[in-house]
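S.K.: Handing you this structure, nothing more for now.
The values are calculated or read from the model by the stated rules, or taken from the named source; none is laboratory data. Worth saying up front: this structure is predicted, and the values here are computed from it rather than measured. Counting neighbours? That spans all protein chains shown, and the Cβs are built from the backbone with ideal geometry, glycine included. Keep in mind that these areas ignore ligands, DNA and RNA; they rest on the heavy atoms of the full protein, side chains included. Shrake-Rupley method; radii C 1.70, N 1.55, O 1.52, S 1.80 Å.
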Amino acid sequence: MNKKNIIILYALMFYLSASAQLFHPLNLGFYGGERQGNSSQPRMHVEGDRLYVCTSQGLYAKDLSADNSTWQLVGFKGVPLQDYVRHGKDILALRYNEGGNFLLLSHDGGQTYEDVTPEIFRGEKYERLPSLAQHPTDPNSLLVSSLYWGVFLSKDFGQTWENLTEFIYGNVAASFIGFHRARPTIIYNCGEGSIFEGHINISYDSGQTWNDHGNSLGFPGDNCVHQPTFHPTNPDRWLAGGEGCVFLTDDNGQTWSCQNYWDDEYRRAYWFFSAFDNEHPDTVYMAGHQGQNGQKNACIKLMCSTDGGHTWHPSQVMTSEREFDRINDLQQYGDLLLFYSESDVYSVSKAELITQSTSGIRSVASDTKESPTYDLHGRKVVEPQHGIYIKNGRKNVKF
């Protein structure tokens, strides 16, 4: 074997080993993220140093600041939860169910609770409430989406509800509602239409009027607009994942563009959740899954962009032996990404994800004078100072 082949072999061995070490299970201990009825999507929340996860068996929590912390059942024992919102000690939880018993209110953190589901949601045998969202600054203001009745707003933490629109976009496993984080008078509902077109319906006046953006999205083929994320310093920029593509707006949701459409194995997935980095907003992360009933090699995929979402590096893949292992949520905690799949909750180092994604190990090349240099956040560096940098897939130390 010649020297060049040996170098390539070692590089590939390093890549496979590094990829396997990228995903660290947090060992929930059971398949808490399995979707009930093939349509629920249990979520999670980071509150300070604690991670709260809605599971098929109740609400579980883990201390992220302690390496040896264990999961604890903290409320709603035995209840299949999809999501929750909190106001002090009061928790309003969204339970997975059909035909009633959706909303559960607790005044003691989930130890005891009562059903507060409005009667309007109890009439249809197959009614579902897919999503629950909370205002970023007013904890009393909530949104909930109903399969049959549309989007509702509560201003008193779920005691009463006002109907904002009589429809929602998306099948119940891919319908998202929420407030713009910096401009909460803006409300969105996104998903897919009846003929599998991606849509995002936006209200700029707290739900009084709505603007449907469908054909303007400019994607090829069938698609769906999944949950958007908002640039932390430029509120006009939103980004959302779709089925094999990325949607981007730079004018506060007025017009959209499909930045990419991929059919290659390195970027193809159902991209559900995305997030601008809290400290480095030109870095964006996206989480999705691939593999459906009857298909082998189900997997979770993570992908990153280092230019604000315009171009994307090849994805990193966590394979699964399960027939389904779909993504439920993506959150950030310091320098970690946390993602919730049907099999477990996992942590991923942001720096390692970017390093592996920008390494180019799939195509080993020799150094040239023109080879670009990146820092550990994936940003191109023109004149490296002291520190560690990435060039042609290898770490270099600049003294």
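S.K.: Hey, could you check segment 251-281 for residues that are open to solvent by less than 40 Å² (accessible area, probe 1.4 Å) and part of a strand (DSSP E or B) and say which is farthest from N223 (Cα to Cα)?
M.R.: Looking at residues that are open to solvent by less than 40 Å² (accessible area, probe 1.4 Å) and part of a strand (DSSP E or B), I get F276.
S.K.: Moving to a separate point now. Write out, first by first residue and then by second, each pair whose Cβ atoms fall under 6 Å of each other, whose residues are 6+ apart or on separate chains, and whose first residue, in segment 56-76, is under 20 Å from Q332 (Cβ atoms) while the second is surrounded by 15 or more Cβ atoms within 10 Å (Cβ to Cβ) and β-branched (V, I, T).
M.R.: Cβ pairs passing all conditions: Y60/V53; A61/V74.
S.K.: Something else about it: Mind checking which residues of segment 57-96 are polar (S, T, N, Q) and surrounded by fewer than 19 Cβ atoms within 10 Å (Cβ to Cβ)? Even if it seems obvious, please write down each step before you answer.
M.R.: Going residue by residue through segment 57-96, those that are polar (S, T, N, Q) are 57, 65, 68-70, 72, 82.
Listed by number, the residues that qualify are Q57, S65, N68, S69, T70, Q72.
S.K.: Please specify each residue of segment 158-179 satisfying the condition of being at pLDDT 95 or above and in contact with a Pro (Cβ under 7 Å, 6 or more places away or on another chain).
M.R.: Result: W161, F179.
S.K.: I need every pair where a residue in segment 125-139 that is within 13 Å of F152 (Cα to Cα) has its Cβ under 6 Å from the Cβ of a residue that is of a type in the set (V, I, T) and assigned to a loop (DSSP other than H, G, I, E, B), sequence separation at least 6 or different chains.
M.R.: P130/V172
S.K.: Also, quick follow-up: Being open to solvent by 30 Å² or more (accessible area, probe 1.4 Å) and over 18 Å from F179 (Cα atoms) is the filter here; which residues of segment 227-250 pass it?
M.R.: Passing the criteria: only E243.
S.K.: Can you tell me which residue in segment 309-345 is farthest from A240 (Cα to Cα), limited to those that are open to solvent by less than 10 Å² (accessible area, probe 1.4 Å) and out of contact with any Phe, Trp or Tyr (no Cβ under 9 Å at 6 or more places or on another chain)?
M.R.: Taking segment 309-345 first, the residues open to solvent by less than 10 Å² (accessible area, probe 1.4 Å) are 309, 315-316, 325, 327-329, 337-342, 345.
Then keep just the ones that are out of contact with any Phe, Trp or Tyr (no Cβ under 9 Å at 6 or more places or on another chain); that gives 325, 341.
Working: D325: 21, S341: 19 Å.
The extreme case among them is D325.
Here's the yes/no breakdown for (1) under 17 Å from the mean Cα position of the chain (by Cα); (2) at pLDDT 90 or above:
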{"position": "Y204", "(1), (2)": "no, yes"}
{"position": "G214", "(1), (2)": "no, no"}
{"position": "G253", "(1), (2)": "no, yes"}
{"position": "N260", "(1), (2)": "no, no"}
{"position": "D264", "(1), (2)": "no, no"}
{"position": "Y270", "(1), (2)": "yes, no"}
{"position": "D277", "(1), (2)": "yes, yes"}
{"position": "D282", "(1), (2)": "no, yes"}
{"position": "A287", "(1), (2)": "yes, yes"}
